[in-house]
Ligand code: GLC
Ligand code: MG
């Protein structure tokens, strides 16, 4: 146990997309009692915290990211009692529970928005971002919505436009309004009072907009494959300096409680991302670092990014790493099954808090969704570019039964064709399976402080090998990862040791010194001789 560090520094976060994890009532949609029934699996897997994507009441236009009541539970997922049981049963197993906080927008059916929309003199008019039309009657400026089209919707009854950075059904709240802030901080408190251990905050860098509503400039690097939203550089519609004041206030709310954590969803280049730690690190504890998702998968690019990140993190800031989430291609589909094993080893041995995405531990892949089964509004709005997120949100594969043990009904999204072989039950016993690899990595990480909280010491890059050392007092580990598809020889210099974990378990206990030979897509963790 690492005493000087907090749980969210040495622990591992596991993201659950509740619709797709485990159904308990046969309606084909995962739910909270389903998650409850899998807590023992998660605790044996060796993770420390669960992050649940939204389970609040929602019309489900964006599958829960359009919230109509921030302090309730949607009956589709269960009851508040179920959620309370989940929190207490998780805690009984030493698992933390993080909720998704969505401050940027609400559902258009939220009572706040209904009231705001009811008239220009409504008491909550200013809770959302309403603007007069441009002189030609068109939208107030050129801002775009993530999921296609303009970010402005005209409300004929009151003659103004409202802002929606995502769907029309997701109006943006006005965070310059003090009542909005106070209301959302109360939402946070209501969950913290129930014992929730923190939040993953949705699109945190979007929350505050330019007070002058200036047009976003064009993006000179735009290519059509990136989708229409990327035509502009979002310098006025997001990442405004005032956002840091809001984050500081959110952090103050968390700090009213013990050891709660704020993780921020932020897609920004490194230099801007690290600003979200806040002044004196009083901002987000963990601004999500998505580099391993966004970078090309080669040793040079990854090493440069890891070293740059390490050098940019401010004093007192804690790093973190992510390989996948419910918005991005699954890691296995991006880099292939062999490299997905190398990626697992990287995720769990770099310095900083790792976040895993459900199903990656068994090597789930993106599932092609036939057009008539598409659910994601992103894909419906902008079809054919591969922007849709259904493929990475398919049901968890528990066993080889017809519905993979996910549901007794019709699953809301199609199951992967490989679920009869790629599933938890089939992989539980073998150390060589993906699940076996994840479990061994998680166990080693838990038993060796050097791997969770030790220093990161870069080692020389040679060919396709990305190597580094993790060090804490007299313990040190060398991690050598072959990101290429050919054998590699890596000169260890004066370093030597014993392989304690390999993507190929057959290498374990091998004594290495001089030159380390790595097979294609092979990774090893070596316990160094001090
Ligand atoms: C975040 C969520 C994504 C959602 C969007 C709008 O990016 O991860 O799933 O669609 O915010 O809330
Ligand atoms: Mg259900």
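Read-outs throughout are calculated quantities, based only on the coordinates presented, and are distinct from any laboratory measurement. Everything quoted here is computed from the prediction, not taken from an experiment. Glycine gets a Cβ as well: all are built from the backbone with ideal geometry, and neighbour counts include every protein chain shown.
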Subject >> Separation of the residue 515 and residue 94 label points, Cα + 7 Å toward Cβ, nm >> reply: 4.3 nm
Original post:
Under the definition of Cα pairs under 8 Å and six or more residues apart, what whole-number percent is the relative contact order of segment 1-141?
Top reply: 19 percent
Original post:
Relative to the longest principal Cα axis of the chain, at what angle does helix 243-254 sit, 0 to 90 degrees, rounded to 10?
Top reply: 70 degrees
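Expressed in nm to one decimal, what extension gain is obtained for the pair residue 213 and residue 248 from 0.36 nm per residue of sequence separation less their Cα-Cα distance?
Working it through step by step, the gained length comes to 10.3 nm.
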Subject >> Sequence ranges 428-438, 260-270, ranked by mean other-Cβ count within 10 angstrom, highest first >> reply: 260-270, 428-438
Original post:
Taking neighbour counts of Cβ atoms within 10 Å as a proxy for exposure, in what order, fewest first, do 190, 122 appear?
Top reply: 190, 122
Subject >> Calculated [θ] (222 nm, deg cm²/dmol) that DSSP helices of n ≥ 4 give over the chain, each run adding -39,500 (n - 2.57) >> reply: -6500 deg cm²/dmol
Original post:
Which angle from 0 to 90°, rounded to the nearest 10, does the C-alpha axis of helix 299-312 make with the longest principal axis of the chain?
Top reply: 70 degrees
**OP:** Beta carbons within 10 angstrom, averaged per residue: use that to sort the peptides 341-354, 411-424, highest first.
**Re:** 341-354, 411-424
Original post:
Helix 337-347: angle to the longest alpha-carbon principal axis of the chain, degrees 0 to 90, nearest 10?
Top reply: 80 degrees
**OP:** Could you work out how far apart the two model spin labels at residue 374 and residue 194 are, taking each label as a point 7 Å from the Cα in the direction of the beta carbon, and quote it in nm?
**Re:** 3.4 nm
Subject >> Cα centroid of segment 457-530 to Cα centroid of segment 139-153, whole Å >> reply: 50 Å
Original post:
PRE reach from residue 429 (point 7 Å along Cα→Cβ): which of segment 22-54 fall under 20 Å by backbone N?
Top reply: 41, 44-45
Original post:
With labels modelled as points extended 7 Å from the Cα through the Cβ direction, what inter-label distance (nm, one decimal) is found for residue 177 paired with residue 272?
Top reply: 2.6 nm
